[in-house]
Amino acid sequence: MVRRFWVPNRRVLIGAMMLLAVVMSPGPGTASEARLEPGRYDVEVRLELPHLSAADATKHVSICVDDAADPATALRVLSTNNPLGKCPLQGRVITSNTVRFDVACQGLNAAKGSAEFQIGQDRFQGRIAMKMGGKNMTMTEHQTGRRIGACKPGE
């Protein structure tokens, strides 16, 4: 009696390897997500408002990003006297080089915004589109940041 063994053809093997690669690929919450290198970042913040010249609305700020911070937490609204700077973040979506999130203050006619940033290991750029509640005012904050060194002790 001769026994015959089933030997898969090339297409079956390639399909199985592709399926295995998809199953074993990193998913959400893994090291493939965008991450900023911890340290001090110099950030150019430009506020774009209707009827306001760009030169009047540009400033530089310095922020400290620690190891535990996810990019969305580090990339908050930085313009002066803006209520969205202290409001909670919602709906974070973090991929290999992009961070998206919403900012929403509590209360009637509260301010809200949505952000999208492109992240590199030691730099980022993006924008936060904002609507100031109750005032019918819209503006966009553009940010460009680059790592300039370590954070100062105690930050």
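The values are calculated or read from the model by the stated rules, or taken from the named source; none is laboratory data. Just so it is clear, the model here is predicted, and its values are computed rather than measured. In this analysis, Cβ positions are derived from the backbone assuming ideal geometry, glycine residues included, and neighbour counts consider all displayed protein chains. Quick note on the areas: whole protein, heavy atoms, side chains included, nothing else; ligands and nucleic acids left out. Shrake-Rupley method; radii C 1.70, N 1.55, O 1.52, S 1.80 Å.
I'm told Gly91 meets every condition in (1) surrounded by 14 or more Cβ atoms within 10 Å (Cβ to Cβ); (2) modelled with pLDDT of 90 or more; (3) out of contact with any Leu (no Cβ under 9 Å at 6 or more places or on another chain) except one. Can you identify the failing condition by its number?
All conditions pass for Gly91, except number (1).
Modelled with pLDDT under 90, open to solvent by 70 Å² or more (accessible area, probe 1.4 Å) and assigned to a loop (DSSP other than H, G, I, E, B) - does that describe any residue in segment 57-67?
Looking for residues that are modelled with pLDDT under 90, open to solvent by 70 Å² or more (accessible area, probe 1.4 Å) and assigned to a loop (DSSP other than H, G, I, E, B), one finds at least one in segment 57-67, hence yes.
Look at segment 70-84 and say how many of its residues are more than 20 Å from Gly39 (Cα to Cα) and out of contact with any Leu (no Cβ under 7 Å at 6 or more places or on another chain).
Total satisfying the criteria: 5.
Are there any pairs with C-beta distances below 7 angstrom linking a residue in segment 125-137 that is over 26 Å from Ala34 (Cβ atoms) to a residue that is not in a strand (DSSP E or B), with the two at least 6 apart or on different chains, and if so which?
What qualifies is Met132/Ala111; Gly133/Asn109; Gly133/Ala110; Gly133/Ala111; Gly134/Asn109.
Scan segment 103-155 residue by residue and report those that are under 13 Å from Arg40 (Cα atoms), among the hydrophobic types (A, V, I, L, M, F, W, C) and open to solvent by less than 20 Å² (accessible area, probe 1.4 Å).
Result: Phe124, single match.
Leu78 passes all but one of (1) within 14 Å of Tyr41 (Cβ to Cβ); (2) open to solvent by less than 80 Å² (accessible area, probe 1.4 Å); (3) of a type in the set (A, V, I, L, M); (4) in a strand (DSSP E or B); which number fails?
(4)
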